[in-house]
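Reading through the structure tokens given below for one structure.
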Amino acid sequence: MTARRLRRALVVTIGVLLPGAVFAVLYWLGLVAARPAAIAGGVSMAVTAMAVVPAAQSLAVVQDAVDRLDADPAAGAEALRGRRIGRLTPAAEALRLSVARAWYSAEQRRGEAQRRLAAAEAVIAAAPDPLILIDAQRRIVRANAASIDLIGMVPESRDLAAALRNPAVLAAADAVLRGEPARVVEFSLTIPVERWLSARFARIGGTSLDGAVAILTLHDVTALKRAEEMRADFIANAGHELKTPLATLIGFIETLRGPARDDAAARERFLGIMNEQAERMARLVNDLLSLSRIELNEHVAPTERIDLAPVIEHIADTLELRAAQRGMRLELSLPADLPAVPGDADELAQVFQNLLDNAIKYGRPHTAIAVAAAYDHAAVRRGGAFVRVAVTDHSEGISSEHLPRLTERFYRVDTARSREMGGTGLGLAIVKHILNRHRGRLEIESVLGRGSTFTVWLPAADGRGEAPVGRA
């Protein structure tokens, strides 16, 4: 017997025996004779027992049903509905009905609250933009899947600084928590590639989920920022690059319309030069457009599986004639079991097109250009799986001070020679940004007088981790 039942039985027993005890006291005090006291005490105890015991039992049954609501809500609710509770006294029955009505009302309110909570959580989870809820202590209390995709796993019940360490973002959060209705700030993330985000903090009016008092929404504005940067780059660099060939074209056109109007030999020579300058401008515009498209999508990693060997073989076939014109040969070493990589076939073709084109332009005549691919087992031991493709030429080499800047837009080691060879100064910049989008890396090694090696690192389709750190 539990302590509660023991107390209940003790109370009932005392209640039943109390009238008899009263008459016993009256007899002991000499106020009532023994026989009448005994008869009255017995009758009163019997009557009391007939009234108290059923009432106590009924109340005990109702109390047990109420207690079962916590441990087994379904069984407790069924008992309160009277299906397994037996016959009750009128008072106990009235109590049962009151408790049942209160329970059903509370259940309805709780069900409605749960439905609203589920609806609110569904809206947060389905929102395409990252949403993060924070409480008055700047702790994260809720974050949707989009925020995890954008900035990684967000630790809940931790300070916002654990997910976003940008000082401007944290200052905006503090300002809203102090009472400002809203605050908008832009900031950048540099891993795995640079992205620009717009963060908007706003206070939440009324009740909210888990004590949240403010909501943070994040919008990716990388495309807009890069468009602004590209416009500025175009004005600063492309204008300069286009100025020389345009000036040449204008000068020759004026000459052909003036002094050389009737000079057939000069006209033929000038038209040849003008064609070269026009082709140079066309190459520059095409490279600028290509770089623009790549940078706009740089933050979106490709997911298609690509076999590199057919891509490299196709590029080598298209450039074989150019190499032969300089007495050069292309030597390919592409293992048959080379793993696939996640990528965009056209962009990866552009990477190897640019690297092989540079090797043919700047390599010594009558030398070989080696293209060797391999699965890097050392990288696997470091927690990643990478495919590397090295393009090695026999050129004059590049001084070490130039290596870190080779992938900058319009950077040239020898400007005159580069322009003479038809270069736009954008080839390696395009390679870098394509590899950034593919979560890969370009490594450049060079020895003066011996040649250069450009190594492309790409994560294998089933690999993981960051590309190993290179020297360019």
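Please give the length that would be gained between Y411 and I253 if that part of the chain were fully extended, namely 0.36 nm times their separation in residues minus their C-alpha to C-alpha distance (nm, one decimal). Provide the component values of the computation, followed by the final result.
Numbers: separation 158, 0.36 × 158 = 56.88 nm, distance 3.01 nm.
Net length gain for the segment: 53.9 nm.
How much length, in nm to one decimal, is gained on full extension between Q325 and V447, taken as 0.36 nm per residue of separation minus their Cα-Cα distance? Don't skip to the answer; put the middle values down first.
Working: separation 122, 0.36 × 122 = 43.92 nm, distance 2.54 nm.
In short, 41.4 nm is gained.
Using the Cα centre as the reference, give the magnitude of the dipole from point charges on the C-beta atoms of region 202-349 (Lys, Arg: +1; Asp, Glu: -1; all else neutral), rounded to the nearest 20 debye.
Values: 16 positive and 25 negative charges, 143 e Å.
Charge dipole of region 202-349: 680 debye, to the nearest 20.
How large is ³J(HN,Hα), in whole Hz, for each residue of region 431-437 in order, when computed from phi with the Karplus curve 6.51 cos²θ - 1.76 cosθ + 1.60 and θ = phi - 60°, using x for Gly and Pro?
Taking θ as phi minus 60°, the curve returns 4, 4, 6, 5, 5, 4, 4 Hz for region 431-437.
In nm, what is the difference between 0.36 nm times the number of residues separating A202 and T318 and their Cα-Cα distance? Kindly include the intermediate steps, with their values, before the conclusion.
Details: separation 116, 0.36 × 116 = 41.76 nm, distance 5.70 nm.
Stretched fully, the A202-T318 segment lengthens by 36.1 nm.
Taking 2.2 N^0.38 Å as the expected size of a compact globular protein, what ratio does the Cα radius of gyration of region 247-351 give against it, to two decimals?
Details: Rg = 21.4 Å, N = 105, 2.2 N^0.38 = 12.9 Å.
Working it through for region 247-351, the quotient is 1.66.
Coordinate-derived values only; no laboratory data. What you are looking at is a predicted structure, and each value in this text was computed from that prediction instead of being measured. Virtual Cβ from ideal backbone geometry, glycine too; neighbours counted across all protein chains shown.
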